[in-house]
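Just so it is clear, none of the values below were taken in a lab; they were calculated from the coordinates. Here the structure is a predicted model, which is why all the values come from computation and not from measurement. We place every Cβ from the backbone using ideal geometry, glycine too, and count neighbours over all the protein chains shown.
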Amino acid sequence: MEGSVTMSLEPLHPGIRGLPTNLVEGAVRYSTPSMKWFEEYLSQAKVIQDESRSIGFRRRVRILEELGKAWVEKLESCSLEGLKMELTRNTGYGRAMIEKDLRFVVEVFKKENIEALMNAGLQGGWRSLDDFVEVELGEYVSNFPAGPVLIIASGNSVIPPLIAAVTSLATGNLTILRPSLTNYKVVREVFKPLEDLAEAGGDGSVVGRALLVTYLAHDSEVLEYLLKSAPIGVVNYWGGEPGRTRVYRAVMENPYRPRLYVNGPLTGVAVVDGDSVSDELSEALAREVLMYDQQLCSSPTISFLIGDYERAMGLAKEVGNRLDIHGALYKLEVSEGWMFGLTTLRKALELHGAKVIRSRDHENPYTIVISKGKSSFVGLKLIPLNIHLRRRFLEIVSVPDIKECVKIIRELPKIPGYTGIDGVQTVALWVKDGWRRREYIRELIKAGVYRVVPLGESYIRTPFEPYDGEFMPRYFTYTVYFREKLLSEG
C-alpha cells in the first residue's frame, strides 16, 4: 500500500537551538533531514533528555494532554475533511471507520491513561520517573530515559504510532517517530501544535524539541545510518517480514547496542461456546469483522465454535445477515485485481470442500467460510490473498472441545492461508457460563496467546494492558537501583 501513494512530505520538527530549521532537501516523494542534521540533533540528546526529566512527569503529561484537546477542536471544526478523504484513499478503510479511528486519538493523550500506563508498566510507577521511589524498606528505584528512541511504525491505524510516541515522550526520551507513508500526514497533524510550543519557550519547548516526526524510506541511507551507526538507545519496530529481519541485522551492527523492541505480525481468534449462540453473539462477531477490516493484530480472522457443525452453519448465516446490514455503512473501495483474487480464493475453498457464504456487494465484500474439525485452508495450494491482504474474511471452524481449539491455535501460523503471522495475540471470547469461561481461559493460555477479552471489543485496550506480553514503558527506560544500608546490619 505504501508504494502506491505519492505525496510531498516535510518533516515536523519545531527547530532545535543551534540546528537548522529548514529540513527540506528536495521533495520528489518526501523530504528528510540529512545525515549531518541527524548527527547534530542526536549530539544534543543528553541535554534534551535531561531537560525533559527536569520539568517532571506531570508537566510533560500536561503538555501532551493539551495536544489531545487541540485535536478534538480540529475534529469539531471540520478542518480535517481533506485529510480524512486522503486517509480513506490511502488505507482502503471506509469513511465511517476513519472517523472512528480519529476519534480514538484523544484517549492516547489523556492524563489518567498515561499515568495508568506508567503505573502498570514501571516498578515504582510514574513517580519513579522523577525521583527514587522506595519499593522495599531501604530499597529504591528510579526510571530514566533509555533513548534516543527511534520508532518505525505501521500504517493499519493511527493509534499505535501515537501510543509509542506518547510513551516515549512521557518517559522523557528524545523521540524520532517514522510513521508509515499511509498515515504520515495525520500523525504529523496530531503533533503539529508542538511547533508553536517549541518556539514559545518554557516547558512546552522542552517537549517540543524532544520530538521529530519524519518519513524515512525503507532503503533510505539516513534510516540505515540511524539503525547501524547512530547513538540510538531504543529501536521500536512495528511490522513483519522482510522489514523486521533487515532491522534486526542492522541494529546488531550498531556499536551503541540499542535495545530492539519489535511488535510483530499477529492475529486474533474468536472462541464461541456453542451453547451460548444468540443474536447478540452474531452482532458482536459481525462488528469484529468490520472494525478496521481485520487489519489489527487483535482482529479475529478465524472463529472456533465449541459444538457441532450445524450450529456453526447457523451462526455463519446470522453473521452474514448482520454484515449485509452493517457492512453497507462501512463501504470499501477495492480494485478489480483484489476482487479477482477474492473470487478465485472463494472458488478454490469450495472446490476443496468448504462451505462459503459470500456477499455480492463489491463495496461490502465479506466472506464467511464454514469448516468442520479443522481449517479448510489445510492442504489448499492456491491462496491468491494472504492473511494480510484479506478483508472481511472470517473462517468459522466447529470443534468438539476447547482442547482441540487450543491445538489448532498453536498450529495456526503453519496453516496455509495463515502463514505470515507469528501467532495469536488476542482471543475474543464468548461464553455465558462463568464456570465454563474460567475453564476455557485456563486452556487458552496454554496456546501462548497474549490477551483474552470479551468478543466484540478485541480492538479496545486499557492503559493497564501490556503490548504482546510486554509493558512498553519498560523498553523506553532503564532502572537505577539504590540501597541505603548494609544488608549485614539486619
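Tabulated values for the structure
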quantity	calculated
Cα Rg, Dmax (largest Cα-Cα span) when computed across region 238-371, Å	18.9, 60
Antiparallel bridges, percent of DSSP beta bridges restricted to the chain (to nearest 5)	25 percent
Simple Cβ-charge dipole of the chain, Lys/Arg +1 and Asp/Glu -1, about Cα centre, in debye nearest 20	940 debye
With Cα atoms, 0 to 90° folded angle of helix 45-55 axis to the chain main axis	90 degrees
Measure of compaction for the chain (Cα Rg per 2.2 N^0.38 Å)	1.03
Mean separation of Cα contacts under 8 Å (6+ apart) over length of region 37-193, as relative contact order %	27 percent
Mean ellipticity per residue at 222 nm, deg cm²/dmol - from DSSP H runs of n ≥ 4 across the chain, formula -39500 (n - 2.57)	-12500 deg cm²/dmol
Sequence-separation-based contact order of region 196-302, relative, with Cα cut under 8 Å and 6+ spacing, percent	20 percent
Surrounding net charge for Gly456, when Lys and Arg each add one and Asp and Glu each subtract one, Cβ distance under 11 Å	-3
Mean-position separation - Cα centroids, region 50-67 and region 206-239, in angstrom	22 Å
Between 0 and 90°, nearest 10: helix 111-121 axis offset from the chain longest Cα axis	80 degrees
Region 113-152 versus region 359-375: alpha-carbon centroid distance in Å	46 Å
Listed residue (Leu64, Ile370, Leu227) projecting farthest to the positive dipole end of the chain, Cβ model	Ile370
In degrees, nearest ten, helix 57-77 long axis to first principal axis of the chain (Cα)	50 degrees
Distant alpha-carbon pairs in region 30-135 (separation over 18 angstrom), percent	67 percent
Linear extension gain, Glu81 paired with Glu39, 0.36 nm per residue minus alpha-carbon span	11.4 nm
Cβ-defined net charge surrounding His362, 10 Å radius [Lys, Arg +1; Asp, Glu -1]	-2
Cα-based reach from Lys446 at 29 Å (exclusive), listing lysines while leaving out same-chain residues under 8 positions away	Lys372, Lys374, Lys403, Lys407, Lys414, Lys432
Sequence-separation-based contact order of the chain, relative, with Cα cut under 8 Å and 6+ spacing, percent	17 percent
Rg(Cα)/(2.2 N^0.38 Å) for region 396-490, N = residue count	1.56
Proximal lysine pairs, region 34-112, alpha carbons under 13 Å, eight or more residues apart or interchain	4
Cross-link reach list, aspartates and glutamates versus Lys331, counting only Cα pairs under 12 Å and skipping chain neighbours closer than eight places	Asp293, Asp361, Glu363
